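> Handing you this structure, nothing more for now.
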Amino acid sequence: MSRRLLWPLAALVVFLIIAAGAPWLSPAAPNAIPTEGIIASSPPSAAHPFGTDPSGRDVLSRVLHGTRISLGIALLSVAIATTVGTLFGALSGWIGGRLDAILMRLLDVALSVPRVLVLLCVSALWGALPLPGLVLLLGLTGWYDVARLVRGDVFALKDREFVVAARAMGTGETRVLWRHVLPHIWPTLVVTATLGIAHTIALEAGLSFLGLGVQPPQASWGSILSDGSAMVSSRWWITLFPGIAIVSAVMTCNALGDALRETLAPGQVAA
Amino acid sequence: MLSRPKRAHSSRVVARLLQSLFVVWAAATAAFVLMRLAPGDPYTTRIDVPANERAQWSAQRGFDQPIPVQYVKWLRNLAVGDFGQSSYFKRPVLDVLRDVLPRTLLLMSLALTASVLLGMAIGAWQGTRVGTTGDSLLSTGSLLAYSVPEFWLGILLVQLFAQSLGWLPASGMVSTEYEYLPLSARIVDRLRHLVLPLTALTLLGTSLFARFQRSSMRDAWNEPFVQTARAKGLTERGVRWHAWRTALVPVVTMFGLMFPSLLGGAVFVESIFSWPGMGHTAVLAVNARDYNLAVAAVIVGSVMTVSGSLLADVLQRAVDPRTAA
């Protein structure tokens, strides 16, 4: 395995371990408020390496638990987006003709509105979305690129010899798609999904930062940042640490996506 | 013989324009439906208004009518540029747009120009030196810049340059004493307010263009025609120019396609820096359930995206002789 692939993969594993083991790794519960002494925001110390927020909650524990929420939202919504996008794209490319034309025009319309605006409108107008709603919203606004890429791949593959041969031998349509076409689309899917996760982590953080994503007191990287945004000057630790977490997670996924793109070389199937 | 391809070309342009118009209409309709489906109304956030007065307001604005009736009326108004009244700003949406849109366009066009120039320079430099230390460093740098969310970058910039160092203003477009300043000081004041939001947006754009230009330059650099050019005895500068011309095509296409992501970035950057543009206004609008203004924001976003992709087509034709019909 190339070194370019190894580093981001190792980092991703670390993030996943943190996400899975947050309750055991954290010194305190994410929403625990001290039962004695003064409730105040204190700078990083031995007891609280990332400091505490104005409610006296341990920022390190919140960031660790936030890993779970932020990564969970990103992974689940990208899974939804990839599934929907693959189905839509495969249908469009495989059947072709008029259906393809109609679906592609629909895709043009969907792509024409900046995603952030759609997210803003829905999350603000429906007010405080619960987590499943947020996952669904991010998933259902994130599949357009996948659909377009899959459609292109399927379109290029459907007249290839091995596909024609499989059909000539009497293999059913679904089976041809599943067993002969889909395996060639994997590289495209893996790369777009990895880059999609990076993008979704940043988007969720942005939305939560604006108060429209994950709702307090639930800890996600974005919502912790949002808690500290009004007091960056005096309480820098509340915004700094979740920010570093976001940047390193996004960078990990982007680096992994880049490395995967070079290793798997998607799009080559069309050649 | 000459007139025939020309006609084909112009009819293609017309078809493309009609298609764009359709896309904008469909996006606007979708936005309208979405807003009317949303629970609550523009008065949900106003607890100070008595119920009967609220009903009267709703009736005045036609909110009590069936949705299809509202839609036809809305579309007819929209066709003549009437977006309705903004419930938040208490004046016509069109007036609000006239104020805020140029501010966003200013920010975006400056950021785009800077990003393209910087990104292409960096990427082209890297593309001919793939694998060297300089290339790896720049690649890591652009990966980092590409991975930093705009809003966090904004917070860092404010913290560093406005709060700690005090060099630049943290928010807004002009200072409070702007009205009392002489002309030269006014210009300086405006420029000083531009620096931080522009830096945040430009860093994002530059990393995008650099990443793109690097890979296209690297691909062009390995093409046989580069060898040929060198064999012909072209100077290294000339060879580079040759390769760059080819590597330009995907980057130029990218230029137009970047509009939506830049507008998305503007939403966060404008919110952080309280830059009173389209993005900041959209956030205010949705939070205040200002339907008309929110729909207008979606329409503006869609128009920008569509014009971006039209521009991408035009630019591609301009730089790539193969696609120029």
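> I'm told A:Asp145 meets every condition in (1) open to solvent by 50 Å² or more (accessible area, probe 1.4 Å); (2) of a type in the set (Asp, Glu); (3) over 27 Å from B:Val267 (Cβ atoms) except one. Can you identify the failing condition by its number?
Just one mismatch for A:Asp145, condition (3).
> Shifting gears a bit: Quick one: how many residues across the range A:213-231 are of a type in the set (A, V, I, L, M, F, W, C), more than 17 Å from A:Leu60 (Cα to Cα) and either open to solvent by less than 10 Å² (accessible area, probe 1.4 Å) or within 8 Å of chain B (Cβ to nearest Cβ) (or both)?
Total satisfying the criteria: 1.
> Among the residues of the range A:56-66, are any closer than 13 Å to A:Tyr144 by Cα and more than 14 Å from chain B (Cβ to nearest Cβ)?
The answer is no; no qualifying residue exists.
> Just to be sure I understand the filter: pairs with C-beta atoms under 6 Å, separated by 6 or more residues or on different chains, first member in the range B:179-207 and without any contact (Cβ under 8 Å) to a residue 12 or more places away in the chain, second member open to solvent by less than 80 Å² (accessible area, probe 1.4 Å) and among the aromatic types (Phe, Trp, Tyr). Which pairs pass?
Qualifying pairs under 6 Å: none.
> Could you list, in sequence order, the residues of the range A:102-121 that are touching a Leu at 6+ places or on another chain (Cβ under 9 Å), within 7 Å of chain B (Cβ to nearest Cβ), in a helix (DSSP H, G or I) and open to solvent by less than 40 Å² (accessible area, probe 1.4 Å)?
Of everything in the range A:102-121, those that are touching a Leu at 6+ places or on another chain (Cβ under 9 Å), within 7 Å of chain B (Cβ to nearest Cβ), in a helix (DSSP H, G or I) and open to solvent by less than 40 Å² (accessible area, probe 1.4 Å) turn out to be A:Val116, A:Leu117, A:Leu120, A:Cys121.
> Follow-up. Working carefully through the options B:Leu137, B:Leu105, B:Leu143, find the one that is part of a helix (DSSP H, G or I), at pLDDT 90 or above, more than 18 Å from B:Leu196 (Cα to Cα) and away from chain A (no Cβ under 14 Å).
The conditions single out B:Leu137.
> Within the range A:8-28, count every residue that is in contact (Cβ under 8 Å) with a residue 24 or more places away in the chain, surrounded by fewer than 16 Cβ atoms within 10 Å (Cβ to Cβ), over 19 Å from A:Ile73 (Cα atoms) and not aliphatic (A, V, I, L, M).
Here the count works out to 1.
> Another one. What are the residues in the range B:172-194 that are surrounded by 14 or more Cβ atoms within 10 Å (Cβ to Cβ) and either within 14 Å of chain A (Cβ to nearest Cβ) or aliphatic (A, V, I, L, M) (or both), if any?
B:Met173, B:Val174, B:Leu181, B:Leu194
> Collect the residues in the range A:45-60 that are in a helix (DSSP H, G or I) and surrounded by fewer than 24 Cβ atoms within 10 Å (Cβ to Cβ), keeping them in residue-number order.
Within the range A:45-60, A:Leu60 is the sole residue that qualifies.
> A further question on this structure: For the range A:246-259, which positions are of a type in the set (Gly, Ala, Ser) and open to solvent by 10 Å² or more (accessible area, probe 1.4 Å)?
Selection gives A:Ser248, A:Ala255.
> Restricting to the range A:124-135, name every residue that is hydrophobic (A, V, I, L, M, F, W, C), in a helix (DSSP H, G or I) and open to solvent by 10 Å² or more (accessible area, probe 1.4 Å).
Residues satisfying the conditions are A:Ala124, A:Leu131, A:Val135.
> Report the residue count in the range B:281-303 for those that are of a type outside the set (A, V, I, L, M, F, W, C) and more than 9 Å from chain A (Cβ to nearest Cβ).
Of the residues in that region, 3 qualify.
> I've got another one for you. Please work out which residue is most open to solvent (accessible area, probe 1.4 Å), limiting yourself to the range B:146-171 and to residues that are part of a loop (DSSP other than H, G, I, E, B) and within 8 Å of chain A (Cβ to nearest Cβ).
So the residue we want is B:Val148.
> Also, quick follow-up: Check off (1) in a helix (DSSP H, G or I); (2) facing chain B (nearest Cβ under 10 Å); (3) not hydrophobic (A, V, I, L, M, F, W, C) for A:Thr263 and give me the number that stays unchecked.
The failed condition is (2).
The values are calculated or read from the model by the stated rules, or taken from the named source; none is laboratory data. In this text, all values refer to a predicted model and were calculated from it rather than measured experimentally. Because the Cβ atoms are built from the backbone with ideal geometry, glycine has one as well, and the counts that use them run over all protein chains shown. Surface areas here come from the heavy atoms of the whole protein model, side chains and all, with no ligands, DNA or RNA. Shrake-Rupley method; radii C 1.70, N 1.55, O 1.52, S 1.80 Å.
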